[in-house]
Amino acid sequence: CVVCGSSRSKRDLLGLCNRCKWLRSRMDIRCSKPNYNARVKALQESWAAGGGHFICMYSKVPVLTEIKDRKKPLYLSLNHVNPNDESRYVVTCRLINDMKNIMDDGEFRKMVVGLADAFQQESRIDVPDLSTVLRQIKRIY
């Protein structure tokens, strides 16, 4: 397999094992034509960084890849680095992908740092940043 090095299916012309082929080909209802090459690249980067397993590129936590685990928060998810941009993905866990959903990478990192500061210092999150996120959520839903 070009992603994880496992033996691949003889019928697979893409050089992927069954697991990586499943992860790459999962349907995303938000896009009509996924960029499969970008998905494979994200899987390769995650596998290489994880040293023998897939990791979430934000938290560095190993992610689950078994189909039976797909509803769990640590299940592997392919996240658009920028919302609705099919040119670049990163591997994340479902929980972080759900949190980041409508933010680009910079906005997400800023929000997480703000949350961490709020928890550590028992202070409030900067209200303008939070209200901006809430307005974006209302627009989508």
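The values are calculated or read from the model by the stated rules, or taken from the named source; none is laboratory data. What you are looking at is a predicted structure, and each value in this text was computed from that prediction instead of being measured. All Cβ positions, even for glycine, are placed from backbone atoms using ideal geometry, and neighbour counts span all protein chains on display. Protein only, heavy atoms only, side chains kept; ligands, DNA and RNA dropped before computing areas. Shrake-Rupley method; radii C 1.70, N 1.55, O 1.52, S 1.80 Å.
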(request) Select from segment 16-34 the residues that are part of a helix (DSSP H, G or I) and either within 12 Å of Val3 (Cβ to Cβ) or modelled with pLDDT of 90 or more (or both) and list them in ascending order. (result) Asn18, Arg19, Cys20, Lys21, Trp22, Leu23, Arg24
(message) Given the options Asn79, Asn35, name the one that is out of contact with any Asp or Glu (no Cβ under 7 Å at 6 or more places or on another chain), surrounded by 13 or more Cβ atoms within 10 Å (Cβ to Cβ) and not aliphatic (A, V, I, L, M).
(response) Asn79
(message) Consider segment 93-102. How many of its residues are part of a helix (DSSP H, G or I) and open to solvent by 50 Å² or more (accessible area, probe 1.4 Å)?
(response) 4
(message) Return the residues of segment 103-118 that are touching a Pro at 6+ places or on another chain (Cβ under 8 Å) and either in a helix (DSSP H, G or I) or surrounded by 15 or more Cβ atoms within 10 Å (Cβ to Cβ) (or both); say none if nothing qualifies.
(response) Met103
(request) Scan segment 44-81 for residues that are in a helix (DSSP H, G or I) and in contact (Cβ under 8 Å) with a residue 12 or more places away in the chain and report the count. (result) 6
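On the given criteria, is Lys41 modelled with pLDDT under 90, open to solvent by 80 Å² or more (accessible area, probe 1.4 Å) and of a type in the set (D, E, K, R)? First the steps, then the outcome.
Working: modelled with pLDDT under 90: no; open to solvent by 80 Å² or more (accessible area, probe 1.4 Å): yes; of a type in the set (D, E, K, R): yes.
No: the conditions fail for Lys41.
Could you list, in sequence order, all residues of segment 82-92 that are modelled with pLDDT of 90 or more and either crowded, with 23+ Cβ neighbours inside 10 Å or outside any strand (DSSP E or B) (or both)?
Initially, segment 82-92 is screened for residues modelled with pLDDT of 90 or more, giving 87-92.
Scanning segment 82-92 gives Ser87, Arg88, Tyr89, Val91, Thr92.
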